Number of protein chains: 2
Amino acid sequence: MADSQKLEFYYKRLTDLCLHHGVMALMGWDMNVCMPPGGAPARAEQIRYMSLRSHELVTDPEFANVVEELSEGIDSLSEDDRISVKFTKKALDKARKLPPDFVAESAKTRALSHDAWVKARPANDFAAVKPFLEKLVEQARKRSELWGYEEHPYDALLDCYDIGARLSVVKPLLVELGEELRALMPRIAAKFEGLEELKGPFDQATQNRLCRTVAESLGFHFENGRLDVSPHPFSTTFGPNDFRITTRYNDNDFLGSLYGVMHETGHALYEMGLPEEYLTRPPLGDWMSSSIHESQSRLWENQVGRSREFAGYLCGVLEDFFPSVADLGPDTLWMHVNRVRSSLIRTEADEVTYSLHIVIRMLLEEQLIAGTLAVADLPEAWGDMYEKYLGVRSPDDKDGVMQDTHWFGGGFGYFPTYALGNLYNAMMMDTAREAIGDLPGQIERGEFTALSGWLRENVHSQGARYLAPELIRHITGKDLSAKPFVEYLKRKFA
Amino acid sequence: MADSQKLEFYYKRLTDLCLHHGVMALMGWDMNVCMPPGGAPARAEQIRYMSLRSHELVTDPEFANVVEELSEGIDSLSEDDRISVKFTKKALDKARKLPPDFVAESAKTRALSHDAWVKARPANDFAAVKPFLEKLVEQARKRSELWGYEEHPYDALLDCYDIGARLSVVKPLLVELGEELRALMPRIAAKFEGLEELKGPFDQATQNRLCRTVAESLGFHFENGRLDVSPHPFSTTFGPNDFRITTRYNDNDFLGSLYGVMHETGHALYEMGLPEEYLTRPPLGDWMSSSIHESQSRLWENQVGRSREFAGYLCGVLEDFFPSVADLGPDTLWMHVNRVRSSLIRTEADEVTYSLHIVIRMLLEEQLIAGTLAVADLPEAWGDMYEKYLGVRSPDDKDGVMQDTHWFGGGFGYFPTYALGNLYNAMMMDTAREAIGDLPGQIERGEFTALSGWLRENVHSQGARYLAPELIRHITGKDLSAKPFVEYLKRKFA
């Protein structure tokens, strides 16, 4: 086969994989948004089947040979092809280390466990999910051993979300960040003492209309997407022009659904901004770092959404939805969307304490994967960590160890990307503010196209061209550091 | 390979195919129910891809060899295995006659055409769907030539829905039925003259609650299913315990959504009653005749739903939803749900004229597939047929040739199954009435379990054991005939 033929075959298979993954994304979305309770066992079989087929597509000897050959002659390829082949070779090497039966079994376990979690969480029934979680931890440990690692078994899992990430780098960075935040916290929280809660109830249909209005103003097009309800908010993409985001509603708190939607809209804007070759030139066209993905969701949720200027814009919007809140005025609204305090629920945490929730999870994951913490002891360890880092302890597992979907879907190693996302987006915003003239004024007027255009050009359209640490250096000229984020918080809450 | 090993391999592959088709059903459902407009092109690519994979799974030489070998030694197999292998061999032979590229291209065209229809119908824009329809007719004609036929190219398409069905049998049966119905029609329609329309508007959320209540009373479990809205009502199954039905709402007519839901519930009850081996012993566990499938949907919609006894039950139910209609009383309600008159829309047609809508479609399909009618001339031919058979002519294409989804999704040859379903269910009901003591009394009291149990035992649980004509003989001891259906109508409207 000539190089051009090899590349043609190679990209055709990658396109097939993209289509395959789009279908799997639909299966996952439906499972979370639409599927009736009884459908779970059949869906788990379908997910097992489709995961196995996906593994076969990657490890198929004919494809593997072409990837090997392209990889050996990589220097003769174009830059785009080099990047693609490099990542594909890595994905192939990882896939080949996993026996097909193990891939199939793991996928099925994840689906069944997720379903058990959906049903057990409202009932606060940790016992019902414990056997699933034990199996998932065991599978994650086995995956890590099969893939191999140089320093810590957790590294093999981190690598799934940020290629090359290591605990020896991420842990000191986030633990040190945690210490700084804990030091900052009491003084900032004191400013919010005495702030009364917003007075509900807030009609859920009105919350939904508000969420849609704000998502659209940020650049989400309902012609090419949907907003639905799910047990845990998420964002997913089935292919070009089919972006799906979800949220959840609480009668007493419209800010939870709204800021959840801004977060997921940030994810969707990222995927909307990926290169057009998405379906034909993966993985260059695909995203590659979950930390960069989270930098985008948390940028719109926090750097934009929790700014004083946005509070001004939001106050105007709220007049049509919740006028009694609009009447409070931008300054008081800003206080409500920024209230810093120790709390139990990560997704609703303020910008100062949020990363502490992440540090807790990372430290627990480290132990689970190292085998030094048993799942049976996890709820207790969770409570102890919350007491240590945040001074609060959940009275139940529902708002404790069972609050997040991630572990119950086998997603160990993902959590750090949220905190890293905070660090990345603080650095990006420092650069964006310099590049865009009157960004605060634009935000106050509800004009977001200059910022989203800047992000599209500098972040989204880069696809998988750079690893996360390379990308931030490319954009800002600086290495990843917690300092810009901490400085941002200090300025904000001065 | 020993026979037992062959069978193990064989059934494993069939299970994979079942899972694969469950995923494709999800893709189709989402396309109709959830997908944003922009998602259509990517979905068409995914459908193309998945259809091709499905074709590969069937025609894969290793699997094909096993099927051939099992087929050669079929006499040594158990009865269940014999039935399964016989149908699989037939499916394999048909699949092998289609080039993969043609399979892929056809699947993609169907998806794109369906999307064009969804968008063009409200705009009454036949020109927008015409090129798609031309391509689909061409593909259907090619499929027919590739598969081969003995008498008429249309037979090869009929065979997809009812194995062995032939135009030379179906056409005289339905044309003769049509003549009988045309003769009956004026006298029956006269009884309904002067009946005023029900007075709306009927709140759509209330319609939805009513539909759910009635579906549940018939035996649909929302724990294992959903009811949604789609441009054209349908029913689909993703796997055991995941049944999805849809309807559409019209502010001025709650009977349309309600009887649509009863129809789709009938389909769902059939699939719910399939043998437990559904996922492991296909196709024996799967259904096999669309006419039998339609016999079930139209049985619940008409034989039950439009009976005088059901009108009594429904009147009681309506007190909680549309009390002003309940106040009319069972006799008047019966008149409204049975009003016989010439009309434009098939899905809303009464029991006397319904089959005429089918005859029209069958005769047009015959000509389209024979190549004697061009798509460009179809709207005119449609109007002429309606004038001849029903004495009405649609002023537009929206309620004319574009009213049904079937052709625009490539489904040529399906329509006759609705009329055949009417004939089958009239025969079934004659037998069921004898077998079940006080069936009319049960229906009046809203007790449907004896009937659904009888259908489960005699129809649903037979899976693919019998072809449709064999099944009706097995159940009733008689051959398929239009007479019981015509007699039923005569009795009903005497």
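In terms of its C-alpha gyration tensor, the range B:169-492 has a rounded overall shape, because the principal axis ratio a/c (a ≥ b ≥ c, square roots of the eigenvalues) stays below 1.5.
Across the identical copies, the label point of B:ALA374 (7 Å from Cα in the Cβ direction) is separated from its matches by 8.0 nm, in order from shortest. Which is farthest toward the positive dipole end of the protein assembly as shown among B:MET262, B:LEU274, B:ALA156, measuring Cα position about the Cα centre, with Cβ charges +1 (Lys, Arg) and -1 (Asp, Glu)? Of B:MET262, B:LEU274, B:ALA156, it is B:MET262. With semi-axes defined as the square roots of five times the eigenvalues of the C-alpha gyration tensor, the equivalent ellipsoid of the range A:432-494 measures 22, 19, 8 Å, largest first.
Taking Cβ atoms as reference points and 15 Å as the exclusive limit, the residues near A:LEU77 contribute a net charge of -3, counting Lys and Arg as +1 and Asp and Glu as -1.
A DSSP coil position with no more than 16 other Cβ atoms inside 10 Å describes the following trypsin sites (Lys or Arg not before Pro) in the range A:77-141: A:LYS97. Packing, taken as the mean count of other beta carbons within 10 Å per residue, orders the peptides B:413-423, A:156-166 from highest to lowest as B:413-423, A:156-166. Restricting the calculation to Cα atoms, the range A:353-494 yields a radius of gyration followed by a Dmax of 18.6, 54 Å. Restricting the range A:1-105 to chymotrypsin sites (Phe, Trp or Tyr not before Pro) that sit in a DSSP loop and have at most 15 other Cβ atoms within 10 Å of their own Cβ leaves nothing. Annotation: amide H of B:VAL229 within the under-5 Å range of B:THR247, sequence separation 5 or more or interchain, hydrogens built in the peptide plane.
Over all other residues within a Cβ to Cβ distance under 15 Å of A:ASP331, the charged ones net out to +1, with Lys and Arg as +1 and Asp and Glu as -1.
Could you give the size of the charge dipole of chain B about its Cα centre, using +1 on the Cβ of each K and R and -1 on the Cβ of each D and E, expressed in debye and rounded to the nearest 20?
About 480 debye.
Reducing the range A:109-160 and the range B:189-259 to their Cα centroids gives an inter-centroid distance of 42 Å.
Restriction of the GluC sites (Glu not before Pro) in the range B:117-222 to DSSP coil positions whose beta-carbon has at most 12 other beta-carbons within 10 angstrom yields B:GLU150, B:GLU151, B:GLU193, B:GLU196, B:GLU197. With θ taken as phi - 60° and the Karplus curve 6.51 cos²θ - 1.76 cosθ + 1.60 applied, the whole-hertz 3J(HN,Hα) list for the range B:87-94 is 6, 5, 4, 5, 5, 4, 4, 5 Hz, x standing for glycine and proline. A point 7 Å from Cα along Cα→Cβ stands in for A:GLU197, and the other copies hold the same point at 5.0 nm, listed in rising order.
Eigenvalues of the alpha-carbon gyration tensor of the range A:1-114, scaled by 5 and square-rooted, set the equivalent ellipsoid semi-axes at 33, 14, 10 angstrom, largest first. The spacing between the range B:321-358 and the range A:375-441, judged by their C-alpha centroids, is 58 Å. Spherically averaged projected area of the convex hull of Cα atoms, the protein assembly as shown: 42.5 nm². Label-point spacing for B:GLU176 across the identical copies (point 7 Å from Cα in the Cβ direction), in nm and ascending order: 9.1. In chain B, helical runs assigned H by DSSP with n ≥ 4 each contribute -39500 (n - 2.57); averaged across all residues and rounded to the nearest 500, the mean residue ellipticity at 222 nm is -20500 deg cm²/dmol.
Each value in this text was obtained by applying a stated rule to the coordinates, not by laboratory testing. In this text, all values refer to a predicted model and were calculated from it rather than measured experimentally. With ideal geometry, Cβ positions are generated from the backbone for all residues, glycine too; neighbour counts draw on all protein chains shown.
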